[in-house]
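The values are calculated or read from the model by the stated rules, or taken from the named source; none is laboratory data. A quick note: this is a predicted structure, and the numbers were derived from the prediction, not measured. Quick reminder, even Gly has a Cβ in these numbers, built from the backbone with ideal geometry, and neighbours come from all protein chains shown. We work out accessible area using only protein heavy atoms, side chains counted, and drop any ligands, DNA or RNA first. Shrake-Rupley method; radii C 1.70, N 1.55, O 1.52, S 1.80 Å.
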Amino acid sequence: MTDQAPARKARPRPKRGEGQWALGYLEPLNKNEQSKKDDNPLNVEARIRGIYSKRGFDSIDPADLRGRFRWMGLYTQRAEGFDGGKTATLPEEELDARYFMMRVRSDGVILDPHALRALGSVSVDFARGTADITDRCNIQYHWIEIEDVPEIWERLGAAGLTTLEACGDSPRPFLGSPVAGVAKDEIIDGTEALAEIKRRFIGNPDFSNFPRKFKTALTGHPSHDVAPEANDVSFVGTVHPEHGPGFDLWVGGGLSTNPHLAVKLGVWIPLDEVADAWEGVASIFRDYGYRRLRSRARLKFLVADWGVEKFREVLEKEYLKRELVNNPSPQPPVAQGDHIGVHEQKDGNFYIGAAPVVGRINGQTLLDLADVVEKHGAAGARLTAYQKLVVLGVPPQAVDAFVTDLAAIGLDAKPSNWRRNTMACTGIEFCKLAIVDTKERARQLVGSLEQRFPDLDTPITVNVNGCPNSCARTQVADIGLKGQLVLDDDGNQVEGFQVHLGGALGLETNFGRKLRAHKVTSVGLDDYITNVVHAYLIEREDGERFATWVARADDTVLRGESDPRTELAGV
């Protein structure tokens with residue numbers, strides 16, 4: 001009998017690197033990283049000005065067209081004639097139109113009449129009148145031709161505006177409180193900090209190559225009016241018992257297909273150190289962020305893997321070179337503020353928040369708004385994180401006339417719940433990622449619900465998204481609608497939505513509840529929401545918010561398959 005050789009132990013498979021620069025993984029691990037290594041995307045501006053705008057669309061290098069152009073705020077828009085079934089099946093180049101979507105940053109600045117006219121004239125002259133207010137405080141155009149881009153940049157630049165790094169793996173446009181510096185109840189005005197971040201880091205080659213997008217929010221208002229839980233880095237107003245007003249630091253928020261809420265560090269950062277803290281967080285993302293897989297290349301995944309303690313330790317020791325001051329995170333508001341309506345400022349003037357329908361305006365509206373602002377001697381407008389705008393510095397004697405003039409140009413300072421609380425992303429009309437129509441469908445939905453619930457006495461938010469990427473923050477709405485193709489009663493594939501119910505930011509921060517195998521057709525959407533809202537109004541307790549009711553409601557009720565009023569009547 002021979003001795004048997006000992007069994008070999010299986011060697012552990014080496015863990016694959018995630019492309020983290022700080023750990024020595026400097027070689028590109030995918031085509032996006034290779035493209036950025038081949039040429040800093042900021043360099044594409046010169047080619048747009050000197051070559052592409054002169055030679056036309058066909059002269060554009062594909063690596064610029066579908067990559068580096070994004071750093072200039074440009075995406076090719078969806079070609080006409082392709083339905084939602086083509087979105088995930090056709091190569092990107094087949095979905096490209098010969099026109100561009102363009103985003104213009106606002107970054108918390110006040111848009112004075114000059115800036116409003118620049119935005120409006122670009123829309124009228126170059127974008128077929130399009131101009132949407134996005135939930136990242138951008139103005140978004142469509143139908144832009146490459147030949148016109150230099151002239152557009154000149155007009156915007158003369159008004160202090162830019163499209164630089166409005167898209168791409170870069171510091172995306174900042175969300176700032178629309179009432180910074182004027183609100184009576186503001187904790188601290190962060191305007192200077194946002195301006196300093198922009199001055200130091202936008203267009204800076206050291207911060208133009210992140211693993212993916214990097215979203216910033218800052219507010220000193222107690223209503224947390226910039227959706228701080230859903231951003232990569234957020235600075236949120238707080239008060240230290242000894243040092244006074246400052247900012248807490250929240251990191252790692254983001255939605256899309258793998259949603260994470262931002263982690264609160266529980267610190268106090270003074271106004272003049274906010275830009276340094278931003279630099280530290282951005283540098284961690286640049287150096288330690290995951291670059292191998294685009295699906296894991298957001299800061300939220302690094303924060304989730306590290307935990308808040310390690311993240312803070314690396315931030316303090318490797319980047320800030322000092323410890324942050326501990327301070328309890330501020331209490332969340334019951335609901336985040338949108339500043340719609342008329343409000344007195346701390347200087348005796350007023351600010352007025354007004355709502356277009358799902359952020360959709362046009363160039364003429366912007367031109368008219370400039371005239372209204374100038375006519376009444378107001379300071380200008382800021383855009384909000386909810387696809388709305390707020391006009392600041394309205395003299396007391398002009399308030400009533402100002403509200404009337406806003407209404408005359410399609411901006412309502414006294415909107416219905418549905419107009420006030422419904423958002424929608426770009427959708428299949430222009431977006432190559434979208435599966436369903438959103439803007440027009442949401443506009444129709446608002447009109448229908450205004451007729452069915454004209455006097456709703458409690459806010460209910462509706463966020464409509466054309467794909468899983470959650471640009472309209474689907475998961476944190478009372479009623480979140482994620483576009484997809486569904487089967488109707490006859491087995492036909494039609495536009496529809498997966499429903500998320502009971503999502504919220506603020507005091508009851510929560511991702512919406514999904515019902516197993518539950519989908520709603522676009523055609524049936526109005527009736528579905530009507531049935532669910534009626535059920536809520538019948539079953540709610542005194543003062544109970546929609547999201548709270550959803551958490552305890554029965555699945556059969558939330559499926560909204562019948563009108564609860566008929567059941568109560570015994571019909």
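In table form, for the structure just shown:
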item	result
Which of I139, A158, L119, positive extreme of dipole for segment 44-186 (C-beta unit charges)	A158
Accessible carbon and sulfur surface of the chain relative to its total accessible area, %, 1.4 Å	48 percent
Using θ = phi - 60° and Karplus 6.51 cos²θ - 1.76 cosθ + 1.60, couplings along segment 260-265 (whole Hz; Gly, Pro as x)	9, 8, 4, 8, 8, 7
Heavy-atom surface of segment 185-227, accessible at 1.4 Å and reported per residue (Å²)	33 Å²
Probe 1.4 Å, all protein chains present, accessible-area order of T426, T191, largest first	T191, T426
Over the chain - Rg/Rh using Cα atoms and the Kirkwood inverse-distance radius	0.98
For N463, residues with placed amide H under 5 Å, excluding near neighbours	M423, I479, G480, L481
Set of lysines near K317 by C-alpha distance (under 20 Å), chain-local residues within fewer than 8 positions excluded	K264
Of L456, V436, N43, farthest towards positive along the dipole that unit charges on Lys, Arg, Asp, Glu beta carbons give the chain	N43
28 Å Cα-Cα reach of K36 towards lysines, excluding residues that sit fewer than 8 places from it in its own chain	K15, K54, K198, K213, K215, K300, K432
Cα centroid separation, segment 290-340 to segment 385-428 (Å)	33 Å
Anisotropy class of segment 359-460 from Cα gyration tensor, a/c 1.5 cut	oblate
Kirkwood-based shape ratio for segment 256-395, expressed as Rg/Rh from alpha carbons	1.09
Cα→Cβ-extended label distance, 7 Å offset, between R55 and L507, nm	6.1 nm
Tail fraction, Cα-Cα pairs, segment 209-268, threshold 20 Å, whole percent	27 percent
Span-rule helices in the chain, defined as complete DSSP H runs reaching 18 Å or more along the axis (Cα) with Kyte mean at least 0.5	113-126
For segment 140-276, share of DSSP beta bridges that run antiparallel, in % to the nearest 5	65 percent
Eligible aspartates and glutamates near K37 by straight Cα distance, threshold 20 Å, same-chain separation 8 or greater	E18, E27, E45, D61, D64, E165, D169, D206, D287
Stokes-Einstein diffusion coefficient of segment 1-160, Kirkwood radius over Cα pairs, 20 °C, 1.002 mPa s, in µm²/s	113 µm²/s
Per residue accessible area in Å² of segment 332-445, where ligands, DNA and RNA are left out and the probe is 1.4 Å	34 Å²
